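In what follows, a structure is listed as structure tokens, so that the remarks can point back to it.
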Amino acid sequence: MSDSDAELDEDIFTIERLEWKLDKRYGRIASLSAGNNTLLMGTDMGWVIRFTVVDDRKVRIELPSHGRENIHRVFLDPTGTHGLVSTVEGTTYYIVPGSKRMVQLKGLRGVVIESVAWNKHSVIAASSKSSRGLSATDSTGSVLLGTRKGSIYEVIVEEGKEKFSKRLWEIDDGPMPICGLQMDVFPTDNTKFFVMAATPTRHYQFIGGPTYEALFSRYVGGRYRGFQELPGRLSYSELHFSYNEYPNGNAQRCAWLTQAGIFQGDLVFGAQSPGDKVCDQHDLVNYPPTAGLDGKVGVSGGFVAVPLSIAMSQFHYLLLFKGQFICTNRLSREVVYDISLKTDAKRYGAFRGLGCDLSQGTFWMFSEHCVFEVLIVNEDRDVWRLLLEKGDFDGALRHCKESKPKLDMVRSKQADKLFSQGYYKEAARVYAQTTRTFEEITLQFVTAGKPRALKTYLLLKLGSLPATAETQLTMVSTWVTEIYLSELADLDGPPPESWDTSGDEKEREAAARRAAEERAGERKRVSADFRRFLEDHYDILDQATTFNIISSHGRTAELTHYAEVIGDRDWLVRHSLSRGKAKMALLILAKYWTRHSTGKRKKAAFDSDLYYRYAPALLTHSERIAKEMVTTLIRIDKKLLDPARLIPAFVRYDAARKLRQREMKDKKDSAEDGGRGVINEAPHQGIRYFSNVVDSTDMKDPAVHNYLVSLLVEHPRDDPLIKFVERWGHEPVYEYKLALAMCHRHNKMRAASEIHKVVGEYEEAIKVALTINLQLAQLIAIEAEKAGVDEERSKKLWLLVARHVIEVEKHDVEMATRKVSDILKHCSLRIDEVLPFFPDFVKIGSFKGEVVRSLEQYNQKIRSLKEEMDEHTKTAQRIRADIEAQRNRTAVVSETRRCDLSGEQVTARPMTAFPCGHVFLTDKLVSNVIKFAQKKPRALLSGPFAAVTTKEEKLRRALDSLAKDAQERGTANLALVNLTRADWARIASHECPLCGSMMILTCHDPLIGPDEAKEADSWAI
């Protein structure tokens, strides 16, 4: 059995008796009231029992009259704190909270209370009046009391004392009991009250404030006829309010027990004024015909079963008849629960009434000796179905309780009704929430010819399909695209013929104008919706299919927008170029962003292939576009583009530029001025771009450099090429021989000379420079000297300059002599080196000054050599003296002298003494050097040790091997070399290990080595 079947089989109502029974010595229960899990019962022998349901705690209180008064009714406020007791004799008592003490309310002496309206807001507000020291147990707040004689009183009790009591209103046409009294506060105004009172035959409504006294003062003085009357002969009645949420919410409906039936109505709080009604829509619910014959009252010769008491839950009426308990559904009026109480009445006494605990939502039924709880479980389980049958779809949905089958059934019925009424879009929205098959719904709209409603349905289905249903998502979104395009095509066409064309000409023109404006507005809205749709669903649309569909409808604007959305810059650029909009194409390349419906834009991924593909077209379009294109390329991160791949585009640009220049020149030549005008040439954009590339980055691509050189050699001026050559110095990336060839081809001799110079070909540089001017050649020779060329080559360079001067000025010897003299002042050449190039007939007198200067230089050089020889002679003499002194030098070692390394006596074994005074055993000295060589073998190849280690090939190779091994492993392996101790002794004897470089190099080594760790541990504390 399914969960729904089990739910239907379960009874909504169950009656359970409390495990408590009134002792006969306290009499029989005459009245019961409930509030906040507390029951207040009054017996016919003057006892009041307070029963707490949670802990089964019972408190018995006897009336002060000790049995001389009979309890008529008891009342308990919704908080379960304040209690009132009314006796048949007309005495009213207040039960002091938390005690067994009762206080008589003297202002109500002689008044029999039939009903009470507790002000829930006053009780709650009293608990927050800290300035008066009140709490929820201290004050009742303003309480309304309905009496047997038709009066309404206001009473306030604080701290167990009657603070205020006053009669506010009474029925003016004869006494009749006010059996039911209820109140509430308007939700928009806490000082505006609504009071409802009921007698067995009349139903009153009162509105006003800000106090009860002010409220009823509007209805005093003159007969008040604003009541609803139902004739009958009942002596009792009841009035109940039903709440969806208590106490925070307002009452939703009322129920009044009458002889004719239950008078029910919805309470609608609005802007009513005194005299208006809150319950304006009402009807009469007949009592069920299944009620027993007991308790019938004669009416017009017939009989009808009238309940002894009623209660109202959210969706049911609880009816207590004499010997029978029946529950009916408030919506369907059907009996859902019917049980006989006759057997229980014999055992527990006659059943007398029902009670409701508003704060807890529980219901109670009492007999003369026992109390029963009426349990309600899942009472709204059939409400959704009843509301659905009535056509209240919204109400039915609220009561489906997340049950998918119920929700689907309600929505399906609702959608069918909307569809049948012609509300197709609304029906589509509801259909999308059902499980009806996609094919059924779409066919239904297609058959009806409602593409817009179909579009609405498809859009909603798109949102409900899972992300994994890729095929369905693509299919539905493609269908929506087709519907949008068809709708736009219809709006672009002529208006329908059904439009009104009656009236005079002006009216027809105005109507046509309005229709056109409306149609244009609709077209604009649909187009905007379609674009948002493309932005929101571009990831599920098939790009090729979508392009074909939009293209087939000829919607260029929408096609462009879709390309922007998906980031198809290739199509956008191609489309812009095909329409001659090169500026737009460049803008798409340079500042492209993808669009999103959220209003934000996201930067698109960089695509270098687009630049390679469309650079030729943009560069050759016009000089202005070429300039902007190069500006864009310069702004792009150089790592994103390969300049070498842009060379073909600039080759085409260069050809187009030359063609434009020729055309401009031809136009100038054909002008009236005979071609004397000057053509203003724009900067070459290729030079601009590639110069920026090589200057701002470490670009070393030979192709880029070579191409830039090819552009620079065609430049009218030499400066750009010379600066470029100087920029890359002695290690040019370009092919300098190719560059030289292009320089010679375009007569760029100054640049060619510079290229020769930067690559170190000073001779060729001077030769080329001499074809330009003498000063340039001299500068190159000077720069060569600064660059560090040797003296011999420097002389050759200057000789080239001098020889050129002599050859050029061979017919003017005096001028040649003067120029050569000037050259000799700036270089190291001597006159004797230049004279062979002059003709034989040149007089020596012309070079008198140069000859004198040359002789002085020779004399100075001879004196320097003589001084150097004298210094060397003195040094040799000092060395011979030191050698003789060393031969006769001795060192005295005492017999008690110990080795400065090991501390052992040195007289009994071979030893080595140093001039510093240190003495070592030879074997210890050798071991010390070997140990040092394991760590720093390369140090033995320098300093004092180099006198032997670098001269002996065997020692040098051995120490080199140890140095490489120590670099790789940290410590050299002595087994790699074949050195004897005698070899190590020769090395060690060249320097004292305690005074020389060995000691300095080992100052950073630890005092305790790894091999002495055990010794160090033995000293640990």
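A compact table of results
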read-out: Helices (runs of 4 or more DSSP H) contained entirely in the stretch 702-785, each with at least 3 residues that are surrounded by fewer than 16 Cβ atoms within 10 Å (Cβ to Cβ) and under 55 Å from the mean Cα position of the chain (by Cα); value: 719-728
read-out: Among residues of the stretch 960-978, those that are surrounded by 17 or more Cβ atoms within 10 Å (Cβ to Cβ) and outside any helix (DSSP H, G or I), counted; value: 2
read-out: Single residue of 423, 431 found to be hydroxyl-bearing (Ser, Thr, Tyr) and without any contact (Cβ under 8 Å) to a residue 12 or more places away in the chain; value: 423
read-out: Filtered residues of the stretch 225-246 (kept if in contact with a His (Cβ under 8 Å, 6 or more places away or on another chain) and surrounded by fewer than 16 Cβ atoms within 10 Å (Cβ to Cβ)); value: 227, 229
read-out: Subset of the stretch 90-124 [charged (D, E, K, R), farther than 26 Å from residue 196 by Cβ and in contact (Cβ under 8 Å) with a residue 24 or more places away in the chain]; value: 100, 101, 106
read-out: Residues being in a helix (DSSP H, G or I) and either open to solvent by less than 50 Å² (accessible area, probe 1.4 Å) or farther than 16 Å from residue 485 by Cβ (or both) - total across the stretch 522-542; value: 11
read-out: Matching residues in the stretch 273-308 - criterion: being more than 16 Å from residue 255 (Cβ to Cβ), modelled with pLDDT of 85 or more and among the aliphatic types (A, V, I, L, M); value: 305
read-out: Within the stretch 71-91, tally of residues that are farther than 19 Å from residue 39 by Cα and polar (S, T, N, Q); value: 1
read-out: Pair list, Cβ < 7 Å and 6+ apart or interchain, from the stretch 990-1009 residues that are at pLDDT 80 or above and open to solvent by less than 20 Å² (accessible area, probe 1.4 Å) to residues that are not in a helix (DSSP H, G or I) and not aliphatic (A, V, I, L, M); value: 992/914; 992/916; 992/918; 998/991
read-out: Residue 69 being part of a loop (DSSP other than H, G, I, E, B), touching a strand residue (DSSP E or B) at 6+ places or on another chain (Cβ under 7 Å) and charged (D, E, K, R); value: yes
read-out: When residues of the stretch 543-558 are limited to those that are assigned to a helix (DSSP H, G or I) and not polar (S, T, N, Q), the one surrounded by the fewest Cβ atoms within 10 Å (Cβ to Cβ); value: 544
read-out: Conditions (1) more than 23 Å from residue 139 (Cβ to Cβ); (2) touching a Cys at 6+ places or on another chain (Cβ under 9 Å); (3) in a strand (DSSP E or B): number failed by residue 206; value: (2)
read-out: Qualifying residues in the stretch 143-173 (those that are open to solvent by 10 Å² or more (accessible area, probe 1.4 Å) and within 60 Å of the chain's Cα centre (by Cα)) - the one farthest from residue 184 (Cα to Cα); value: 159
read-out: Residue within the stretch 559-570 that is open to solvent by less than 30 Å² (accessible area, probe 1.4 Å), within 16 Å of residue 483 (Cβ to Cβ) and either at pLDDT 90 or above or in contact with a Lys or Arg (Cβ under 6 Å, 6 or more places away or on another chain) (or both) present; value: no
read-out: Residues being surrounded by 20 or more Cβ atoms within 10 Å (Cβ to Cβ) and of a type in the set (D, E, K, R) - total across the stretch 79-116; value: 1
read-out: Answer from 436, 411, 429 - the residue that is among the basic types (Lys, Arg), crowded, with 16+ Cβ neighbours inside 10 Å and not in a helix (DSSP H, G or I); value: 436
read-out: Pairs, first without any contact (Cβ under 8 Å) to a residue 40 or more places away in the chain in the stretch 564-575, second aliphatic (A, V, I, L, M) and open to solvent by 40 Å² or more (accessible area, probe 1.4 Å), C-beta under 8 Å, six or more apart; value: 567/605
read-out: Long-range neighbours under 6 Å by Cβ, at least six apart or interchain, first residue in contact (Cβ under 8 Å) with a residue 24 or more places away in the chain within the stretch 381-408, second open to solvent by less than 50 Å² (accessible area, probe 1.4 Å) and among the charged types (D, E, K, R); value: 384/406
read-out: Selected residue [farther than 18 Å from residue 491 by Cα and aliphatic (A, V, I, L, M)] from 563, 520, 516; value: 563
read-out: Subset of the stretch 247-271 (residues that are assigned to a loop (DSSP other than H, G, I, E, B) and either open to solvent by less than 30 Å² (accessible area, probe 1.4 Å) or basic (Lys, Arg) (or both)); value: 249, 258, 259, 261, 267
read-out: Tally of residues being in contact (Cβ under 8 Å) with a residue 24 or more places away in the chain and under 14 Å from residue 686 (Cα atoms) across the stretch 626-643; value: 9
read-out: So residue 487, is it modelled with pLDDT of 90 or more, charged (D, E, K, R), in contact with a helix residue (DSSP H, G or I) (Cβ under 9 Å, 6 or more places away or on another chain) and surrounded by 12 or more Cβ atoms within 10 Å (Cβ to Cβ); value: no
read-out: Qualifying residue in the stretch 942-956 (condition: charged (D, E, K, R), open to solvent by 30 Å² or more (accessible area, probe 1.4 Å), in a helix (DSSP H, G or I) and modelled with pLDDT of 85 or more); value: no
read-out: Count of residues meeting criterion [open to solvent by less than 50 Å² (accessible area, probe 1.4 Å), within 18 Å of residue 73 (Cα to Cα) and not hydrophobic (A, V, I, L, M, F, W, C)] in the stretch 347-363; value: 3
read-out: Filtered residues of the stretch 543-558 (kept if among the hydroxyl-bearing types (Ser, Thr, Tyr) and either under 27 Å from residue 621 (Cα atoms) or at pLDDT below 85 (or both)); value: 556
read-out: Residue in the stretch 63-75 that is small (Gly, Ala, Ser) and crowded, with 21+ Cβ neighbours inside 10 Å present; value: no
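The values are calculated or read from the model by the stated rules, or taken from the named source; none is laboratory data. This structure is a prediction, so every number in the text was calculated from the model and none was measured. Cβ coordinates were reconstructed from backbone atoms using ideal geometry, including for glycine residues, and neighbour counts include every protein chain displayed. All accessible areas refer to the heavy atoms of the entire protein, side chains included, with ligands and DNA or RNA removed. Shrake-Rupley method; radii C 1.70, N 1.55, O 1.52, S 1.80 Å.
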